[in-house]
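Asks: One structure, as structure tokens, below. Some questions next.
What follows is calculated from the coordinates using simple rules that are stated; it is not laboratory data. All values reported here derive from a predicted model rather than from experimental measurement. Cβ coordinates were reconstructed from backbone atoms using ideal geometry, including for glycine residues, and neighbour counts include every protein chain displayed.
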Ligand SMILES: N[C@@H](CCC(=O)N[C@@H](CS)C(=O)NCC(=O)O)C(=O)O
């Protein structure tokens, strides 16, 4: 069976890596089953080779693939039924959405949820989390997350192009979900599972979109625990 290395938290049922969530949805999209191997931040040396220290990593028989985009490409090659990318054009547009999400949407989620993401680590992982993130942000976690209400306001604004698409279509993939939708769901799960923040107001169309994504595959996204419930 396919194995997916995931990011563990101190709560056994809570996983919030946006990159791993997109892959779980990609596997469900293809009707594939998988087993999960959760690792804490300080356990990444246990990943299979070639080990770049990041999850997700997919192991399928003797094949090891890391990086969520490469994993999506691998899945379409190895399991061509129910493609994640229906054409080269669709794939190119999804790549644009991936880069936009990771450069614009991700940093805002990181600012909003950083202290919750930190609190969700075991004590043994907190020092690594703080040191690695503070080096990356060039400031303390507290400073990075210092103005989370402004970051939330900005986040709701930058999602306007997504609102424009879902005003006409159920999914970014059109009538059916594509890998772009799973990228979006991954970012939503990062804050939804990893923090106590309710990101979207009930009347925001993005909230309906999030619910549509959470309902897919027998409620796959809802089966994950949330730190708000602990
Ligand atoms: N480009 C990678 C990014 C993966 C990534 O950043 N994963 C994070 C978890 S969300 C990680 O494993 N971090 C480990 C660390 O920071 O030590 C992908 O798309 O898979």
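Asks: Hey, in the GNM for the chain with a 10 angstrom Cα cutoff, which one of 56, 18, 177 fluctuates hardest?
Replies: Comparing 56, 18, 177 in the GNM, the peak value goes to 177.
Asks: Return the single residue from 121, 164, 189 with maximal mean-square fluctuation; model: Gaussian network over the chain, springs between Cα atoms under 10 Å.
Replies: Residue with maximal mean-square fluctuation among 121, 164, 189: 164.
Asks: Please order 15, 163, 152 by the number of other Cβ within 10 Å, starting at the fewest.
Replies: 163, 152, 15
Asks: Using a Förster radius of 41 Å, what is the FRET efficiency between residue 218 and residue 45 based on their Cβ-Cβ separation? Nearest 0.05, please.
Replies: 0.75
Asks: Please give the calculated 222 nm ellipticity per residue for the chain, where each DSSP H segment of at least 4 residues contributes -39500 (n - 2.57) and the sum is spread over every residue; nearest 500 deg cm²/dmol?
Replies: My calculation for the chain gives -16500 deg cm²/dmol from helical runs alone.
Asks: Still on this structure, I have one more. Given Cα positions, please report Rg to Rh for the stretch 88-224, the hydrodynamic radius being the Kirkwood one.
Replies: 0.99
Asks: Could you give P(r) for the stretch 1-94, binned at 10 Å from zero, as whole percent values over all Cα-Cα pairs?
Replies: Result, from short to long distances: 16, 50, 27, 6, 0 percent.
Asks: How much FRET efficiency would the formula 1/(1 + (r/R0)^6) give for residue 138 and residue 3, where r is the Cβ-Cβ distance and R0 is 45 Å, rounded to 0.05?
Replies: Efficiency computed from Cβ-Cβ geometry: 0.80.
Asks: Under Stokes-Einstein, with the Kirkwood radius over Cα pairs standing in for Rh, what whole-number D in µm²/s applies to the chain at 10 °C and 1.306 mPa s?
Replies: Value of D from the Cα-based Kirkwood radius: 88 µm²/s.
Asks: Could you give the length gained by full extension between residue 198 and residue 149, i.e. 0.36 nm per residue of separation minus their alpha carbon distance, to one decimal place?
Replies: Working: separation 49, 0.36 × 49 = 17.64 nm, distance 1.19 nm.
Here the segment from residue 198 to residue 149 would lengthen by 16.4 nm.
Asks: Next up: Any chance you could check the Cα centroid distance between the stretch 33-86 and the stretch 140-196 for me, in angstrom?
Replies: 23 Å
Asks: Let me ask you something else. Could you check which residue among 206, 183, 112 shows the biggest mean-square fluctuation in a GNM of the chain with a 10 Å Cα cutoff?
Replies: Checking each option, the largest mean-square fluctuation is seen for 206.
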